[in-house]
Every structure is written in structure tokens, then in C-alpha cells.
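> Quick one: this structure, given as C-alpha cells, is what I'll be asking you about.
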Amino acid sequence: MRGRLKWAVGVAVLAAAAAVGTVAVAGGGRDIDENLTGFEENPSVSTTGNGSFEARVDRRNEEISYRLEYADLEGEVTQAHIHFSQRAVNGGISAFLCTNIGGGTATTPACPGPNDGTVEGTLTAADVVGPEGQGIEPGAFGELVDAIKAGVTYANVHSTKWPAGEIRAQLEDDDRGGDRDDD
């Protein structure tokens, strides 16, 4: 009886794992989960501000669903973006996450605040604004995803005290280390 119970539990666990794996592969998604600090800004900023950026990249459906949280900013939030550049180097804007000063796309939400907030949204090809000078054309969703996959993008939050950026994190998808190419 005990052997059958162990066998049944084992089969149930394998079935559940297979179902979860199938859903993940079918969606073609990649996960990003990063913490934003002033120390990752360039140049580094000593600030009380902190935050997190979580995203699910779905290349097949050309969507990046994201959640950006920030707290204890020393200045009032003005805007937040995904930028194209390697670690410790400033780069151009690829997509707006939120803005209170304009310049975003028609679907860019306002940044909540003034010093704390959470913003959620979905980026599509229409939200990719460049940077053209670095080879990513407006609307080039696949190029932005390639840059994220390569670890050469970062998210940051700009404020009135730190206009160039108060908190930042390099974006590296959680599947980057593997050889999977299901995105």
C-alpha cells in the first residue's frame, strides 16, 4: 500500500511539473526580477531611494509585461525608462515605463508619486522608441528583447533631485544562463 502511495504521489508531482513546463514554453516568456539602487547609477548616487523591476518578456506575442516599484526617493519622480547600455555606462532610452514630463508613447502611464509608487504596464513594439543612434530603431521589439537577453539594458527612475537617474538596475533575464531559445 505504501509503495502505491509513493508511486501515485510521484506521478502527480511529475504531471504537475510537466504542466507548468508546458505553460512556460508555450508562452515563450522570460522573467526579469531586479532591485534598483543608487549605487548602480552612473555615476553612483548615495540615496535613500530603492525599487524593484519585474517583467515577463514574451517575444512571440511581442509584449513585455512589467511592474516597477520605487520608494523613498529623495526627489519627486519625473520618469522611468528602459535604457540600452552595458553595466556602468549610460545609454539611450529604449522604452518609457512612466513619465510625468512627457516624451513617452501614447500608452505610457503617469508615474505615481511623488516619492513612492508602483506602476504596471505592457510594452509592445509601438512602445520601443530606440535609441536609433545605438542601432535600435523605433518599433524594433525583437532588438530590444535581444538586448535584454544579452544583459545590455537597464531600468532607472529619474527624479527632481537626481535628473540623470536616482535608482537603477541592469536587466538580466533569469533564463540567460541556459541554452534555451524558446523566446
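Readers should treat all values here as calculations from the given coordinates under stated rules, not as data from a laboratory. No experiment lies behind these values; they were computed from the predicted model shown. So basically every Cβ, Gly included, is an ideal-geometry build from the backbone, and we count neighbours across all protein chains shown.
> Just to confirm a number: summing +1 for Lys and Arg and -1 for Asp and Glu over residues other than T48 whose beta-carbon lies under 10 angstrom from that of T48, what do you get? Walk me through the intermediate numbers first.
Details: positive: none; negative: D72, E74, E166.
The answer is -3.
> For labels at I101 and A71 in the simple 7 Å Cα→Cβ model, what's the distance in nm?
2.6 nm
> Now for a different question. Loop-only GluC sites (Glu not before Pro) in segment 26-80, please: DSSP not H, G, I, E or B, and at most 14 other Cβ atoms within 10 Å. Before the final figure, lay out the partial values.
Numbers: sites: E34, E40, E41, E54, E62, E63, E69, E74, E76; in loops: E41, E62, E74, E76.
When the GluC sites (Glu not before Pro) of segment 26-80 are filtered for loop state and at most 14 Cβ neighbours within 10 Å, E76 remain.
> Continuing with this model, one more query. Full extension from S46 to T122: what is 0.36 nm times the residue separation minus their Cα-Cα distance, to one decimal in nm? Could you put the intermediate results ahead of the total?
Working: separation 76, 0.36 × 76 = 27.36 nm, distance 3.06 nm.
Here the segment from S46 to T122 would lengthen by 24.3 nm.
> Moving on. For each of K149, K161, count neighbouring Cβ atoms within 10 Å of the residue's Cβ, then give the residues from fewest to most. Each step should come with its number before you reach the end.
Values: K149 19, K161 15.
Result, fewest neighbours first: K161, K149.
> Tell me, T118, T160 in order of fewest to most beta-carbon neighbours within 10 Å?
Taking fewest neighbouring Cβ atoms as first place, the list is T118, T160.
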